[in-house]
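As structure tokens, the structure follows; a few thoughts come after it.
The values are calculated or read from the model by the stated rules, or taken from the named source; none is laboratory data. Keep in mind that what you see is a predicted model, and the values were worked out from it rather than measured. As a convention, Cβ positions derive from the backbone with ideal geometry for all residues, glycine included, and neighbour counts pool all protein chains shown.
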Amino acid sequence: MLAAASLAHDSALRMAPDFTRTDLDGKSLNLRKYRGKVVLLNFWATWCGPCLIEIPTFTAWQNTYRTAGLQVVGISMDDDAAPVKRLYQKDRLNYPVAMGDAELGELFGGVLGLPLTYLIDPDGHIVGRYQGEPDLKQLEARIKSLLPRP
Amino acid sequence: MKHTLVKALYPAACAFILLSQPGPVLAQHEPAASIPAADLVQPADLAASLKSASAPKPLILQVGFRKLYAQAHIPGSEFVGAAGEDAGLQLLRERAAKLSKDTAILIYCGCCPWSHCPNIAAAYGALHAMGFTRVKVLYIADNFGDDWVKRGYPVVTGG
């Protein structure tokens, strides 16, 4: 079943909570640093079948829309980093991936099922929340509508 | 009799469903759909029995992932480990080895949509293979967040 987008709060756009983690390449990953870009924040795991299906599409989008202002960010909810690093290298993910934890999950209202993807506009507002498999065509159209340099 | 037959045919059903999946197989795990419907428990029913002082309480085991369990889990449930992985399955067997075979056990995961869960059928199969006769499975259609937490059923955090 494809997931429909929903906002975390209906009443108003919510600012994406800021966080800093070290990514798999050992670099600092700070969400706020991506202000001015559209951020696709994807919570995933190597054991999650639907996650593995959508990751190649996110990698392709990162290539296609990088100069237009898209930044994909992956947060793995695997308990162990080893399989994440293996997949990251084998599938040549072209965007930063960091290990998530319960604290980060709670910051986003609980990551209690995967995949879970947030769409964040250039001002840092959460404009979409996709629990489960998103309709990738609709999501791509939404991203394109938000890009600062289409 | 019918129920016994279903359980006896469980391994063959697993193999059939696994082999008949169309397209690429991303992860080799037993499909949750192979679990007999008679052994499924709906979230609303479990929540009601947890509320009831008189209802018997099964041993509740979470056979999913630590980071999900730490954010929210069913009160009284124990984290065992991801049964879809060898290490988690071994932990489940070690935990179960301490129990009487007629212990009422309820397992749950909720990491992913039911049809994609890598853990639940593996845990169910392992417990049956060990001879447990009173194993039930919490049916979580989409994920623990949507099917349990958002419905207002009780949770605790940590672990």
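Numbers for the structure displayed
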item: Complete set of residues in the stretch A:20-40 that are among the aliphatic types (A, V, I, L, M) and more than 15 Å from A:Thr59 (Cβ to Cβ); result: A:Leu29, A:Leu31, A:Val38, A:Val39
item: Residues (surrounded by 14 or more Cβ atoms within 10 Å (Cβ to Cβ) and in a loop (DSSP other than H, G, I, E, B)) located in the stretch A:25-43; result: A:Arg35, A:Lys37
item: Selected residue (criterion: farthest from the other protein chains (Cβ to nearest Cβ)) from residues of the stretch B:121-159 that are in contact (Cβ under 8 Å) with a residue 12 or more places away in the chain and of a type in the set (Asp, Glu); result: B:Asp147
item: Residue under evaluation A:Pro50, criteria (1) at pLDDT 95 or above; (2) under 15 Å from the mean Cα position of the chain (by Cα); (3) within 14 Å of chain B (Cβ to nearest Cβ), criterion not met; result: (1)
item: Qualifying residue in the stretch A:122-143 (condition: aromatic (Phe, Trp, Tyr) and either assigned to a loop (DSSP other than H, G, I, E, B) or free of Cβ contacts under 8 Å to residues at least 12 places away in the same chain (or both)); result: no
item: Residue in the stretch B:31-41 that is away from chain A (no Cβ under 14 Å), farther than 27 Å from A:Gly100 by Cα and modelled with pLDDT under 95 present; result: yes
item: Single match in A:Thr46, A:Thr22, A:Thr67 (criterion: farther than 30 Å from B:Glu30 by Cα, in a loop (DSSP other than H, G, I, E, B) and β-branched (Val, Ile, Thr)); result: A:Thr67
item: Hits in the stretch B:128-142 (condition: at negative phi and over 10 Å from the mean Cα position of the chain (by Cα)); result: B:His128, B:Ala129, B:Met130, B:Phe132, B:Thr133, B:Arg134, B:Ala141, B:Asp142
item: Selection status of B:Ala47, aliphatic (A, V, I, L, M) and either in a loop (DSSP other than H, G, I, E, B) or away from chain A (no Cβ under 13 Å) (or both); result: yes
item: Failed condition for B:Lys98, given (1) under 21 Å from B:Gly131 (Cβ atoms); (2) under 13 Å from the mean Cα position of the chain (by Cα); result: (2)
item: A:Asp79 vs. criteria part of a loop (DSSP other than H, G, I, E, B), within 13 Å of another protein chain (Cβ to nearest Cβ) and either touching a His at 6+ places or on another chain (Cβ under 8 Å) or not aliphatic (A, V, I, L, M) (or both); result: yes
item: Subset tally (residues that are away from every other protein chain (no Cβ under 14 Å), of a type in the set (A, V, I, L, M) and in a loop (DSSP other than H, G, I, E, B)) for the stretch B:76-120; result: 2
item: Single residue of B:Val149, B:Val137, B:Val155 found to be surrounded by fewer than 18 Cβ atoms within 10 Å (Cβ to Cβ) and closer than 18 Å to B:Gln42 by Cβ; result: B:Val155
